[in-house]
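A.B. asks: Sharing a structure with you now.
The values are calculated or read from the model by the stated rules, or taken from the named source; none is laboratory data. Model, not experiment: these values are computed from the prediction. As a convention, Cβ positions derive from the backbone with ideal geometry for all residues, glycine included, and neighbour counts pool all protein chains shown. Accessible surface areas use protein heavy atoms only, side chains included; no ligands, DNA or RNA. Shrake-Rupley method; radii C 1.70, N 1.55, O 1.52, S 1.80 Å.
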Amino acid sequence: MASEREDFSLSGPLHLTSVDWESAHHRRSVAASLVQAVYILERDRQEKRQDSQVLAPPWYEFFHFRLLRHFVDDVDHSIFGAVYEFKPPASYCNDSLDGSPRYVIAFRGTLTKPDSLSRDLELDLHLIRNGLHRTSRFEIAMQAVRNIVASVGDSNVWLAGHSLGSAMAMLAGKTMVKNGMFIESFLFNPPFFSAPIERIKDKKVKHGIRFASSVITAGLTLAMKGNHNHQRNQAEDPFAVLSAWIPCLFVNPADHIGSEYVGYFEHRKKMEEIGAGGIERLATQNTIGGLLMHAMGKESEPPLHLIPSASLTVNLTPSQEFKQAHGIHQWWQPDLQLQTKLYNSWKQLPADRIQSG
């Protein structure tokens, strides 16, 4: 049985009859819709919908995209991602295409349906354990990303994902940075695994906890890894190199899965203001758990959710429930109250602004 949320004519961004590719609202809405299409591709498969019954095509065809291929998990055979090619009609003038992608690679998040839930939860556990890079699902996705970027270049490709899918897109983006490729990325409700400090109402208490955590983490970093990492040339520092990649993150304060990104970046700003930026730079790159693994002689990848730069958009529109706050549908609504802040190269740039729309 199809839900109203799957039907583009009932739930899609019908107001975007003409896409302005230089508009942040339009770009965000298109990227979110293409992610939603991946969810529905899998639901079409599960429900065995065919021909006129399928519900996924309107979510990408409305914006003149065609489905180039989809990604199938090798364990449960579920569809978890897709590649879309932008094919505008000949009537489009070149000026109206400025800022448009040639390809969009999108990934869905956890789908709470029996045919895919078990495998999705397994991937969620890998994500929590910082082991998403070792999964076959990510290997399938990463190979496709490499192939497409190799053929058309990084400036013609977008990455997009929601929840678990945003973690997949983030990991793909971070991996490509190592090869000097910087892919524009739209990460909706990205998971941030830490204590829920952002839910504390008292700002002084919240800042005190974050400050203590930063001092402890920075101290452990110096004690366990020595001054080598602290003193090495910035050009050799993977985290400094990563700062040139600025993914677009979209979070909701009522979504406890990703809301910590708000405090994560704001705390860095405060640490810079009080002259403790050096401490925060060390703390930002590590977690206490990762440092303890290092102390035991076990090397591990830096935590996926830790990034030095981002364009962070927060949805300040009140949410009635967690499902709404974490959902993909919120991101193409026309009357949102959004706050966007650009964090770049270890400091906050003067690019704060309030958006509506």
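A.B. asks: Restricting to region 122-141, and then to whatever is among the aliphatic types (A, V, I, L, M) and closer than 17 Å to Arg108 by Cβ, can you tell me which residue is most open to solvent (accessible area, probe 1.4 Å)?
C.D. replies: Applying the filter and picking the extreme gives Ile140.
A.B. asks: Go through region 251-274 and give me each residue that's open to solvent by 10 Å² or more (accessible area, probe 1.4 Å) and either among the aromatic types (Phe, Trp, Tyr) or free of Cβ contacts under 8 Å to residues at least 12 places away in the same chain (or both).
C.D. replies: Passing the criteria: Tyr264, Glu266, Glu273, Ile274.
A.B. asks: So Asp74 clears everything in (1) open to solvent by 60 Å² or more (accessible area, probe 1.4 Å); (2) touching a residue at least 60 places away in the same chain (Cβ under 8 Å); (3) part of a strand (DSSP E or B) except one condition, right? Which one?
C.D. replies: Here Asp74 meets the rest and fails (3).
A.B. asks: Could you say which residue among Phe8, Phe65 is closer than 22 Å to Val145 by Cα and surrounded by 14 or more Cβ atoms within 10 Å (Cβ to Cβ)? So that I can check it myself, show each step before the final result.
C.D. replies: On the way: Phe8 fails: closer than 22 Å to Val145 by Cα.
The unique qualifying residue is Phe65.
A.B. asks: Go through (1) touching a residue at least 40 places away in the same chain (Cβ under 8 Å); (2) over 28 Å from Thr313 (Cα atoms) for Ser33 and report which single condition fails.
C.D. replies: Every condition holds for Ser33 apart from (2).
A.B. asks: Considering only region 143-178, state which residues are open to solvent by 30 Å² or more (accessible area, probe 1.4 Å) and over 17 Å from Leu304 (Cα atoms).
C.D. replies: Once the filter is applied, which keeps residues that are open to solvent by 30 Å² or more (accessible area, probe 1.4 Å) and over 17 Å from Leu304 (Cα atoms), region 143-178 yields Gln143, Arg146, Asn147, Ala150, Ser151, Asp154, Ser155, Asn156.
A.B. asks: So which residues in region 1-23 are at pLDDT 95 or above and closer than 18 Å to Asn189 by Cβ, if there are any at all?
C.D. replies: Passing the criteria: Ser11, Pro13.
A.B. asks: Which condition does Leu16 not pass, out of (1) open to solvent by less than 30 Å² (accessible area, probe 1.4 Å); (2) within 20 Å of Gln333 (Cα to Cα); (3) assigned to a helix (DSSP H, G or I), if it passes all the others?
C.D. replies: For Leu16, the exception is condition (3).
A.B. asks: Does Ile79 satisfy the condition of being out of contact with any strand residue (DSSP E or B) (no Cβ under 9 Å at 6 or more places or on another chain) and β-branched (Val, Ile, Thr)?
C.D. replies: no
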